[in-house]
Each structure stands twice: as C-alpha cells, then as structure tokens.
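For reference, the structure discussed in these notes is given below.
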Amino acid sequence: MRHHPLGRTGLFVSELCLGTMTFGGGEGIWDQIGQVQQADAERLVGQALDAGVNFIDTADMYSGGRSEQITGQALKNLKVARDSVVVATKVFSEMGPGPNARGASRSHVIDGVHASLKRMQLEHIDLYQVHGFDPATPIEETVRALDHLVQHGLVRYVGVSNWAAWQIAKALGVCERLNLARIESLQAYYTLAGRDLERELVPMLKSEGVGLMVWSPLAGGLLSGKYARDQPGQADAAGGRRATFDFPPVNRDRADACIDAMRPLAQARNVSVAQIALAWLLHQPQVTSVIVGAKRPDQLADNLAATTVTLNADELRQLDEVSRLPAEYPGWMFERQGAYRRKQLLG
Ligand SMILES: NC(=O)c1ccc[n+]([C@@H]2O[C@H](COP(=O)([O-])OP(=O)(O)OC[C@H]3O[C@@H](n4cnc5c(N)ncnc54)[C@H](OP(=O)(O)O)[C@@H]3O)[C@@H](O)[C@H]2O)c1
C-alpha cells in the first residue's frame with residue numbers, strides 16, 4: 001500500500017481509502033447499499049487497516065448518521081491509535097427538519113461538525129468535506145466557516161465533493177485572498193466508464209495542487225463485471241446493489257465495452273475485473289486515493305489486492321482507447337492551438 005500527500009499538505013493518505021457507505025442500512029437506498037452492522041463493520045475496518053489503509057471516509061448522511069456512529073465505535077473497539085488513521089467525513093445533506101439543517105451555510109457547517117464529532121466520539125476530524133455545492137450560500141461564507149473549524153482544532157484539513165472546477169477555483173481564490181485554510185481535496189466520481197472529470201476538473205486539480213479522492217470506483221459494483229449485459233437488472237447470485245439502485249448513472253454501452261476490454265487483462269493475471277478497474281484508477285497520476293466500498297470481507301480483500309496489479313503501457317493504451325471521451329470544445333482547440341507549445345516544453 002503506497003501513501004500519497006493529500007493536496008499540498010504534509011498529510012499522507014493511503015492510495016486506497018475505506019468507504020463506509022455500506023455501514024448501517026436503514027430505509028430506502030440505505031437498505032439497498034448495505035446493512036453492515038457493528039461487528040461486521042469492525043472486521044472490514046480491521047481488515048483494511050491490516051492491509052496498510054490509513055484513510056476512512058464517511059458522511060453525516062450515510063444511513064442517517066449510523067455510518068459515522070459505527071465507524072467511530074469501530075475505531076474505539078479496535079483500539080486504533082487516533083494519530084494512525086485519517087478520518088474523513090462530510091456535511092451538506094439534510095440532517096433534520098427546517099430550512100437550516102442542510103447546505104453549506106456557516107450555521108449548518110458549524111452545527112454539522114459538532115454532530116459528526118459526537119456521533120464518531122472523536123475530538124477532531126482529519127478531513128472535513130462539503131458534500132455538494134450549495135447554490136444558496138456564498139462561497140466566502142462556506143470557506144470562512146471551514147477555516148473557523150480549522151482554527152478551533154475541530155477539523156484539520158478541508159475538502160469538497162461534487163463541485164465543478166470553476167467553483168473550486170473560485171473558492172481557492174477566496175481562501176488565498178482572505179488567508180483561509182485551503183481546499184486540499186476533491187472527492188469525485190471517476191471510473192474507466194465515466195471519465196467526465198478529465199475535461200475541466202483534472203486540469204484544475206493539477207494546476208492548483210488539489211488532491212483527488214475517487215468515489216464509486218466500480219460504478220456501484222457494475223465494473224466488477226458481475227452484471228449480465230443482456231439483463232441489466234440482474235446481479236449474480238450474491239445479489240448486488242445495482243440491481244435495485246441504479247447509481248451512479250452510466251452509459252451502459254460504454255461500460256460494457258470497458259468491461260469487455262478489462263476481462264482478458266484480468267484473465268491473463270488470474271485476478272478479478274474489479275481489480276483491473278481499480279488498478280486503472282491507481283495508475284492515473286491525478287488520483288490521490290481511491291475510496292473502495294465493500295459489503296463483505298471477500299469483496300474488500302479483492303479490492304485491496306488491486307494495489308498489487310501493474311498495468312503496462314500497452315494495456316493502459318487499450319483501456320484508454322475503449323474509454324476515451326469524445327473531443328469537445330474548447331478541448332479540441334486546446335489540442336490544435338497548444339500543440340507547438342507543448343512540443344517546445346518537451347525540448
Ligand atoms: N462523495 C459522494 O458523493 C459519494 C458518493 C458515493 C460514494 N462515496 C464514497 O465512496 C465510497 C465507495 O463508493 P461505492 O460503495 O459506490 O463504491 P463502488 O466500488 O463503486 O461500489 C461498491 C459496491 O460494489 C460491490 N463490490 C465491491 N467490491 C466488489 C468486488 N470486488 N466484486 C464484486 N462486487 C463488489 C459491493 O456491492 P454489492 O455487493 O451490492 O454489489 C459494494 O458495496 C463510499 O463508501 C463513500 O465513502 C461518496
């Protein structure tokens with residue numbers, strides 16, 4: 001397990017992060033995503049830590065707060081030294097009645113951190129992420145509130161999730177102008193079958209030194225290859241979430257083409273298709289950490305083993321060809337107009 005610095009910080013996080021969205025269960029989508037309870041969650045957390053994972057991701061809204069509770073209790077029961085683990089959680093989603101128990105206002109961000117700390121039985125959160133962009137709160141209000149949390153020792157680093165490139169760039173500018181804690185990471189959806197963020201977000205992250213945490217790296221299990229192409233609603237015998245909760249949205253033809261390209265690479269190594277899908281992400285230079293999700297120890301073991309899969313240049317080219325995004329403006333003008341200057345840079 002390799003460890004990478006998070007954004008421009010001196011904090012090192014493992015290349016795989018343990019996602020805890022399957023912890024808790026409950027009603028609606030939470031029942032479909034997972035119902036992992038305390039004892040099983042502890043086994044998964046222990047298994048990840050034993051493999052060298054030092055990074056755990058949860059959110060206030062996962063299973064209505066149960067995921068945070070189970071995660072915090074697991075760290076306590078397993079007697080995990082606080083400084084050996086980087087705990088990330090999120091704020092933004094609706095957590096109660098009334099107009100203010102949601103969003104990225106100063107009010108909800110400050111209430112949210114106290115509620116998360118209480119649920120997790122922690123004194124600080126290592127990475128506090130704004131789960132979505134709030135069109136109703138000025139960016140300056142949000143980043144000032146996040147900085148307040150850092151100054152008070154409740155939060156060590158700050159990140160966002162599901163924000164557009166311009167929103168992050170604007171926030172970084174505000175942070176710099178006002179000398180506030182910087183946004184160090186973006187948590188975003190990225191897979192071989194969904195490379196949309198390569199258009200605007202990846203160049204921005206590279207330019208600004210912001211880290212990338214990848215969510216749903218198997219597109220909710222789809223890229224493990226266990227769903228039959230001609231029966232999109234059917235999972236394997238073990239029953240998978242995508243059979244009832246079709247998220248994140250994917251272009252199924254593109255995803256099937258990616259699975260077809262990954263299958264022979266997996267067979268040649270005698271590994272799973274899931275491992276190839278995760279390994280491809282681990283080979284992308286902008287990726288800091290891939291957040292793996294699992295309901296069972298066998299799935300987690302499979303995913304952890306992806307760190308040992310090395311793809312050669314020819315295999316990466318094959319996967320790139322099948323999954324490359326179609327050219328889009330202004331990208332195709334960047335290609336044409338910048339060609340000479342890029343060549344000059346190479347010497
Ligand atoms: N920021 C955000 O908006 C956001 C959104 C979503 C997730 N996240 C974060 O990202 C983490 C991972 O997301 P995710 O759970 O959607 O990840 P994922 O890797 O796309 O899907 C995980 C699911 O796929 C199946 N699976 C996992 N490993 C497998 C394997 N080796 N072979 C076959 N099936 C396998 C399991 O479900 P089944 O057994 O049901 O198929 C598992 O629960 C979450 O825990 C959360 O921390 C963040």
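Given the condition farther than 25 Å from Ser93 by Cβ, without any contact (Cβ under 8 Å) to a residue 40 or more places away in the chain and of a type outside the set (Asp, Glu), answer yes or no: does some residue in the range 25-43 qualify? Within the range 25-43 (the criterion being farther than 25 Å from Ser93 by Cβ, without any contact (Cβ under 8 Å) to a residue 40 or more places away in the chain and of a type outside the set (Asp, Glu)), the answer is yes, since at least one residue qualifies. Count of the range 192-219 residues, restricted to those that are under 11 Å from the mean Cα position of the chain (by Cα) and hydroxyl-bearing (Ser, Thr, Tyr), is 1. Just to verify a result, which residue in the range 17-70, among those that are among the β-branched types (Val, Ile, Thr) and within 10 Å of the ligand (Cβ to nearest atom), is nearest to Asp111 (Cα to Cα)? The selected residue is Thr58. The conditions of being open to solvent by less than 30 Å² (accessible area, probe 1.4 Å) and either in contact with a Lys or Arg (Cβ under 6 Å, 6 or more places away or on another chain) or over 24 Å from Ala327 (Cβ atoms) (or both) are met by Ala171. Examine the range 212-219 for a residue that is more than 14 Å from the ligand (Cβ to nearest atom), in contact (Cβ under 8 Å) with a residue 40 or more places away in the chain and of a type in the set (Gly, Ala, Ser), and state whether such a residue exists. Scanning the range 212-219 turns up no residue that is more than 14 Å from the ligand (Cβ to nearest atom), in contact (Cβ under 8 Å) with a residue 40 or more places away in the chain and of a type in the set (Gly, Ala, Ser). In the range 45-156, counting only helices (runs of 4 or more DSSP H) that sit wholly within it, the ones holding 1 or more residues that are β-branched (Val, Ile, Thr) and touching a Ser or Thr at 6+ places or on another chain (Cβ under 6 Å) span 66-77. Of the residues contained in the range 91-107, none is found to be open to solvent by less than 70 Å² (accessible area, probe 1.4 Å), within 13 Å of Thr20 (Cα to Cα) and under 19 Å from the mean Cα position of the chain (by Cα).
Among the residues making up the range 273-317, those that are in a loop (DSSP other than H, G, I, E, B) and open to solvent by 20 Å² or more (accessible area, probe 1.4 Å) are His283, Gln284, Pro285, Gln286, Gly293, Lys295, Arg296, Thr310, Asn312. The condition of being without any contact (Cβ under 8 Å) to a residue 40 or more places away in the chain, within 12 Å of the ligand (Cβ to nearest atom), more than 14 Å from the chain's Cα centre (by Cα) and surrounded by 19 or more Cβ atoms within 10 Å (Cβ to Cβ) holds for only one of Leu186, Leu222, that being Leu222.
Conditions tested, residue by residue: (1) open to solvent by 50 Å² or more (accessible area, probe 1.4 Å); (2) farther than 17 Å from Gly293 by Cβ; (3) in contact with a Phe, Trp or Tyr (Cβ under 6 Å, 6 or more places away or on another chain); (4) aromatic (Phe, Trp, Tyr).
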site: Leu11; (1), (2), (3), (4): no, yes, no, no
site: Glu27; (1), (2), (3), (4): yes, yes, no, no
site: Ile33; (1), (2), (3), (4): no, no, no, no
site: Asp57; (1), (2), (3), (4): no, no, no, no
site: Asp60; (1), (2), (3), (4): no, yes, no, no
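Per-residue answers, yes or no, for (1) under 20 Å from Phe12 (Cβ atoms); (2) at pLDDT 95 or above; (3) within 19 Å of the chain's Cα centre (by Cα):
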residue: Gln38; (1), (2), (3): no, yes, no
residue: Phe55; (1), (2), (3): yes, yes, yes
residue: Ala59; (1), (2), (3): no, yes, yes
residue: Ser63; (1), (2), (3): no, yes, yes
residue: Ser67; (1), (2), (3): no, yes, yes
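The values are calculated or read from the model by the stated rules, or taken from the named source; none is laboratory data. All of these numbers come straight from a predicted model, not from anything done at the bench. So basically every Cβ, Gly included, is an ideal-geometry build from the backbone, and we count neighbours across all protein chains shown. Side chains included, ligands, DNA and RNA excluded: accessible areas come from the protein's heavy atoms. Shrake-Rupley method; radii C 1.70, N 1.55, O 1.52, S 1.80 Å.
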